[in-house]
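Note sheet for the following structure.
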Amino acid sequence: MKNFVEELRWRGMLAQMMPGTEELLQKEMVTAYLGTDPTADSLHIGHLCGIMMLRHLQRCGHKPIILVGGATGMIGDPSGKSQERNLLNAETLYHNQECIKRQVAKFLDFESKEANAAEMVNNYDWMKDFTFLDFAREVGKHITVNYMMAKDSVQQRLNGTARDGLSFTEFTYQLLQGYDFLYLYQHKGCKLQLGGNDQWGNITTGTELIRRTLGYENEAFALTCPLITKADGKKFGKTESGNIWLDPARTTPYKFYQFWLNVSDDDAEKYIKIFTSLEKDVIDALVEEHKQDPGRRILQKRLAEEVTVMVHSQEALHAAIEASNLLFGKATKEGLEKLDEQTFLDVFDGVPQFEISKDQLGQPAIELFTTVAFVFPSKGEMRKMVQGGGVSLNKEKITDQNRLITTDDLIDGKYLLAQKGKKNYYLLIVK
């Protein structure tokens with residue numbers, strides 16, 4: 001059986017662990033859980049490090065439980081947050097849970113007949129009938145306010161780094177998360193909680209609650225991964241357009257693939273250890289090969305391939321690579337037409353765009369591209385480029401400057417893609 005802690009350590013995925021954690025993991029099959037927030041119907045790449053921890057845990061012979069925080073998601077965790085979250089209803093939370101399970105099933109084996117088959121649980125199931133009075137008597141009496149106040153997540157909110165202070169609802173969050181650990185310890189034999197390093201305070205509240213409730217001979221453990229950042233120190237996973245989601249309806253596989261392909265060399269070397277299951281000798285060889293010729297971007301390509309296949313599929317990877325080639329390779333009109341609309345827009349995101357009306361179609365190309373949409377500054381320049389074979393419409397060369405542009409030329413019924421030279425694209429959107 002592989003050493004789970006050693007696996008995390010060489011991958012740069014180990015931040016803190018309680019004394020005795022590694023010894024426990026080497027002694028027996030350990031059930032461990034990680035909580036995730038069901039406030040959306042998809043995970044994003046910020047969740048991936050935690051999911052990969054569970055994946056490595058299962059591959060090392062231990063049993064992973066992923067806990068969807070249906071109850072705690074109705075409150076909001078103050079850790080690392082500067083303001084309170086929106087609260088969700090039960091129907092939305094259960095919908096989100098099912099969507100998340102489908103995504104996580106690509107990383108964990110829920111169907112295994114072995115003792116370490118993955119499980120998904122929702123803390124709403126055991127919290128929904130727990131009255132406030134029962135909670136105060138059975139849980140609240142074991143943890144002092146002094147203990148709770150000392151946590152960093154509470155202190156940051158109280159000391160003015162947050163605009164709105166800390167509500168009582170959020171203050172109780174660590175007790176609720178602590179009770180999850182106690183419940184899973186009693187009902188699932190779960191002795192270890194995993195999480196991001198910002199969760200250390202909440203996790204240790206759980207280990208303390210188990211000891212104070214059941215007796216100090218009952219041991220529970222904590223292990224966290226570091227918060228993943230980029231080489232420039234900024235938060236990993238955030239882009240100008242927002243989160244990179246695992247759901248293809250929110251982030252196309254093309255855009256997902258491009259995100260990984262465009263990370264820096266330093267980040268690629270770090271991320272390939274964290275976000276893939278490749279073995280150490282394979283990664284070491286890739287790093288060495290990359291250093292010989294960084295321009296080939298070997299690390300970025302392998303990283304992008306591995307993560308895209310794991311999250312989406314081999315077919316999605318192939319489609320993403322084909323879409324990438326539209327900008328730089330020898331593409332065809334058929335290739336353009338095969339793209340769904342969102343991927344098409346993602347591929348040509350950032351190129352100059354012109355809006356034209358449908359009644360402006362039916363004109364010669366030289367009129368449309370100089371007087372309606374300013375692809376060319378003059379008719380003379382366009383004539384010269386057409387003669388030199390440097391003008392294309394929808395990836396097909398224009399040989400006659402007077403060729404009529406009609407509705408038959410539209411991609412998806414509303415787009416025209418003009419190209420001059422090898423790299424200059426223009427998107428005409430027909431309204």
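The values are calculated or read from the model by the stated rules, or taken from the named source; none is laboratory data. Remember, predicted model here, so these are calculated numbers, not experimental data. So basically every Cβ, Gly included, is an ideal-geometry build from the backbone, and we count neighbours across all protein chains shown. Remember, those area values only see protein heavy atoms, side chains included, never the ligands or the DNA or RNA. Shrake-Rupley method; radii C 1.70, N 1.55, O 1.52, S 1.80 Å.
Are any of the residues in the stretch 416-430 among the hydrophobic types (A, V, I, L, M, F, W, C), open to solvent by 20 Å² or more (accessible area, probe 1.4 Å) and over 24 Å from Leu339 (Cα atoms)? So far as the stretch 416-430 goes, no, none of its residues is among the hydrophobic types (A, V, I, L, M, F, W, C), open to solvent by 20 Å² or more (accessible area, probe 1.4 Å) and over 24 Å from Leu339 (Cα atoms).
Just one of the numbered conditions (1) at pLDDT 95 or above; (2) among the hydroxyl-bearing types (Ser, Thr, Tyr); (3) within 39 Å of the chain's Cα centre (by Cα) is not true of Thr370: (3). Per the listing Leu194, Leu278, Leu227, the residue uniquely surrounded by 14 or more Cβ atoms within 10 Å (Cβ to Cβ), in a loop (DSSP other than H, G, I, E, B), among the aliphatic types (A, V, I, L, M) and at pLDDT 95 or above is Leu278.
Looking across the stretch 394-414, the residues that are assigned to a strand (DSSP E or B) and at pLDDT below 95 come down to Glu396, Lys397, Ile411. Hey, any hits in the stretch 353-370 for a residue that's within 24 Å of Ser241 (Cβ to Cβ) and of a type outside the set (Phe, Trp, Tyr)? Yes, some residue in the stretch 353-370 is within 24 Å of Ser241 (Cβ to Cβ) and of a type outside the set (Phe, Trp, Tyr).
Note on the stretch 33-59: among residues that are more than 27 Å from Ile283 (Cα to Cα) and open to solvent by less than 10 Å² (accessible area, probe 1.4 Å), the one that is modelled with the lowest pLDDT is Pro38.
The condition of being more than 37 Å from the chain's Cα centre (by Cα), within 14 Å of Ala418 (Cβ to Cβ) and of a type outside the set (A, V, I, L, M, F, W, C) holds for Pro364. Taking the stretch 114-135 as the range and being touching a strand residue (DSSP E or B) at 6+ places or on another chain (Cβ under 8 Å) and either part of a strand (DSSP E or B) or among the polar types (S, T, N, Q) (or both) as the test, the residues that pass are Asn116, Glu119, Met120, Val121, Asn122, Asn123. All told, Thr308 falls short of being open to solvent by less than 20 Å² (accessible area, probe 1.4 Å), in contact with a helix residue (DSSP H, G or I) (Cβ under 8 Å, 6 or more places away or on another chain) and part of a loop (DSSP other than H, G, I, E, B).
If a residue must be assigned to a helix (DSSP H, G or I), under 12 Å from Phe221 (Cβ atoms) and polar (S, T, N, Q), how many such residues does the stretch 3-31 contain? Residues flagged as assigned to a helix (DSSP H, G or I), under 12 Å from Phe221 (Cβ atoms) and polar (S, T, N, Q) within the stretch 3-31 amount to 1.
Scanning the stretch 230-240 for residues that are open to solvent by 30 Å² or more (accessible area, probe 1.4 Å) and of a type outside the set (Ser, Thr, Tyr) yields Lys230, Ala231, Asp232, Gly233, Lys234, Lys235, Lys238, Glu240.
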